[in-house]
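The structure appears right after this line, and notes come after that.
Laboratory data are not the source of any read-out in this text; all were calculated from the coordinates shown. This structure is a prediction, so every number in the text was calculated from the model and none was measured. Neighbour counts run over all protein chains shown; Cβ positions are idealised from the backbone, glycine included.
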Amino acid sequence: MSTDDEVRGASAKFYSALNGMANGDPSQFEDAWSHSDSVTTMHPIGGEEIGWDAVRESFTGVAGLAQGGHVEIAEQQIRTGEDLAYETGIERGQMKLAGESVPIEQRVTNIYRREAGQWKLVHHHTDISPAMIGILERLQAA
């Protein structure tokens with residue numbers, strides 16, 4: 001299997017986990033992500049999380065509000081090195097967040113690192129989603 005194919009497999013694992021989250025189940029993230037203190041994420045809901053505990057908590061929090069969702073990566077481009085790789089693309093889909101339908105259409109960059117022979121996600125960054133932020137602001141105000 002080529003390195004590009006290995007990274008595509010890691011990406012597929014991450015997007016399977018993301019779809020689980022979009023349906024209220026964050027359990028697959030454990031296997032898709034590195035558990036390093038250096039992992040980071042910058043979500044469509046804003047903010048930046050640093051370290052595995054903060055990253056896991058952020059996805060778990062969204063999963064607690066999410067249902068009926070589907071997310072996929074389109075226009076995927078993968079570039080690989082010896083132990084680091086990245087992908088860019090467009091995340092497309094939809095989900096219900098706190099019962100409100102939200103379209104998903106955002107640019108994404110994911111960075112993977114080879115750890116013990118497996119590619120693990122170490123950074124996930126998307127555009128901001130005003131729709132998602134609006135829902136969360138309404139929840140906080142209530």
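A few notes on this one:
- Note on residue 118 and residue 57: their simple-model spin labels are 2.5 nm apart, each label 7 Å out from Cα toward Cβ.
- Over all projection directions, the Cα-based convex hull of segment 54-106 averages an area of 4.6 nm².
- When peptides 63-69, 107-113 are sorted by average Cβ neighbour count within 10 Å, with the highest value leading, the order is 107-113, 63-69.
- Panel note: the C-alpha atoms of segment 47-142, placed on their principal axes, show extents of 49, 30, 21 Å (largest first).
- Residues in segment 104-113 carry Karplus couplings, in order, of 10, 7, 8, 5, 9, 10, 10, 10, 10, 10 Hz; the curve used is 6.51 cos²θ - 1.76 cosθ + 1.60 with θ = phi - 60°, and Gly or Pro positions show x.
- Here each label is just a point 7 Å from Cα along the line to Cβ, and for residue 111 and residue 92 those points are 2.8 nm apart.
- Cα lying deepest toward the dipole's positive end in the chain, options 74, 61, 104, charges on Cβ: 104
- Mean separation of Cα pairs under 8 Å and 6 or more residues apart, divided by the residue count, gives the chain a relative contact order of 24 percent.
- Angle between the chain longest axis and helix 130-141 axis [Cα atoms, degrees, rounded to 10]: 50
- Inter-label distance for residue 37 and residue 101, nm, one decimal - labels placed 7 Å from Cα along Cα-to-Cβ: 4.6
- Inter-part distance, segment 88-142 to segment 2-39, computed on C-alpha centroids, equals 13 Å.
- Exposure proxy ranking, count of Cβ atoms within 10 Å, fewest first, for 133, 78: 133, 78
- ³J(HN,Hα) computed for each position of segment 121-126 - Karplus, 6.51 cos²θ - 1.76 cosθ + 1.60, integer Hz, glycine/proline x: 6, 10, 7, 10, 9, 10
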